[in-house]
Amino acid sequence: MDKKNTPDINIRPDRAFSLLKVYLKDLSFEAPFSPGILTKVDMANPPAPSLKVNGSARKVGEDHYEYTLKLKVTAKIEDQIAYLIEVDQAGIFLIKGHSEEEMSEKDFRDKCPSALYPFARELIHEMVSRGGFGQELIGAFNFAALFAERQVGVDHQAEQLVKKQLNKTQ
């Protein structure tokens, strides 16, 4: 095979990112105003849920990390909580040859939660349906954009703090 027909594949055996295991750490479903709230549910127009996302990572072995994606979904009907779901979906990841910066910036804030989100979303859909609230579909989630947004917020808060401190010294 001549050089022209050789595929240009950049394989680095010293680097790896792989999801090894997926598991559920915690799951909670609450419908505090059932069964009364169920009579107010319009299946053609189910309550719009709000979604809060968080996550954490910890080292569990050489090149092995546990990432826990925490999702909290709340839906209300007429200012009453229709349902509240909390999911802690976790995974064990092999992360090898990545710098600390890559791990904190890319892996733990984008790749790990993106890999776990479909599993958590499936659980949420199942719980909403079993709770009697119909099929509530929660869409895809862009974790890279969320991190960028949070980083801008952190930068803005830091800027405001610096301005506040400067005003005190003047």
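The values are calculated or read from the model by the stated rules, or taken from the named source; none is laboratory data. Please read all numbers here as calculations on a predicted model, not as lab measurements. Using ideal geometry, Cβ is built from the backbone for each residue, glycine included, and neighbour counts are taken over all protein chains shown.
Identify, please: which residue in region 44-76 is in contact with a helix residue (DSSP H, G or I) (Cβ under 6 Å, 6 or more places away or on another chain) and not aliphatic (A, V, I, L, M) and is, among those, nearest to Ile92 (Cα to Cα)?
Filtering region 44-76 for residues in contact with a helix residue (DSSP H, G or I) (Cβ under 6 Å, 6 or more places away or on another chain) gives 55, 57, 67, 69, 71, 73.
Keeping just the survivors that are not aliphatic (A, V, I, L, M) gives 55, 67.
Details: Gly55: 14, Tyr67: 7 Å.
My answer is Tyr67.
Could you check region 32-43 and list, in sequence order, the residues that are surrounded by 11 or more Cβ atoms within 10 Å (Cβ to Cβ) and either touching a helix residue (DSSP H, G or I) at 6+ places or on another chain (Cβ under 7 Å) or hydroxyl-bearing (Ser, Thr, Tyr) (or both)?
Matches in region 32-43: Ser34 only.
For the structure I just gave you, tell me whether Met127 is in contact (Cβ under 8 Å) with a residue 40 or more places away in the chain and loosely packed, with under 13 Cβ neighbours inside 10 Å. Reasoning before the result, please.
Details: in contact (Cβ under 8 Å) with a residue 40 or more places away in the chain: yes; loosely packed, with under 13 Cβ neighbours inside 10 Å: no.
Answer is no for this residue.
Condition check ((1) at pLDDT 80 or above; (2) among the charged types (D, E, K, R); (3) in a strand (DSSP E or B)) across all residues:
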{"position": "Ser104", "(1), (2), (3)": "no, no, no"}
{"position": "Asp107", "(1), (2), (3)": "no, yes, no"}
{"position": "Leu116", "(1), (2), (3)": "yes, no, no"}
{"position": "Leu137", "(1), (2), (3)": "no, no, no"}
{"position": "Ala148", "(1), (2), (3)": "no, no, no"}
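Quickly run through region 30-66 and pick out the residues that are farther than 30 Å from Phe17 by Cβ, more than 20 Å from the chain's Cα centre (by Cα) and part of a loop (DSSP other than H, G, I, E, B).
Narrowing region 30-66 to residues farther than 30 Å from Phe17 by Cβ: 30-50.
Checking which are more than 20 Å from the chain's Cα centre (by Cα) leaves us with 30-47.
Within region 30-66, Ala31, Pro32, Phe33, Ser34, Pro35, Val41, Asp42, Met43, Ala44, Asn45, Pro46, Pro47 meet the criteria.
Quick check: is even one residue across region 67-80 at pLDDT below 90, of a type outside the set (Phe, Trp, Tyr), on the phi > 0 side of the Ramachandran plot and not in a strand (DSSP E or B)?
Among the residues of region 67-80, at least one is at pLDDT below 90, of a type outside the set (Phe, Trp, Tyr), on the phi > 0 side of the Ramachandran plot and not in a strand (DSSP E or B), which makes the answer yes.
Among the numbered criteria (1) among the basic types (Lys, Arg); (2) surrounded by fewer than 13 Cβ atoms within 10 Å (Cβ to Cβ); (3) in a helix (DSSP H, G or I), which single criterion is violated by Lys111?
Result: Lys111 passes all but (2).
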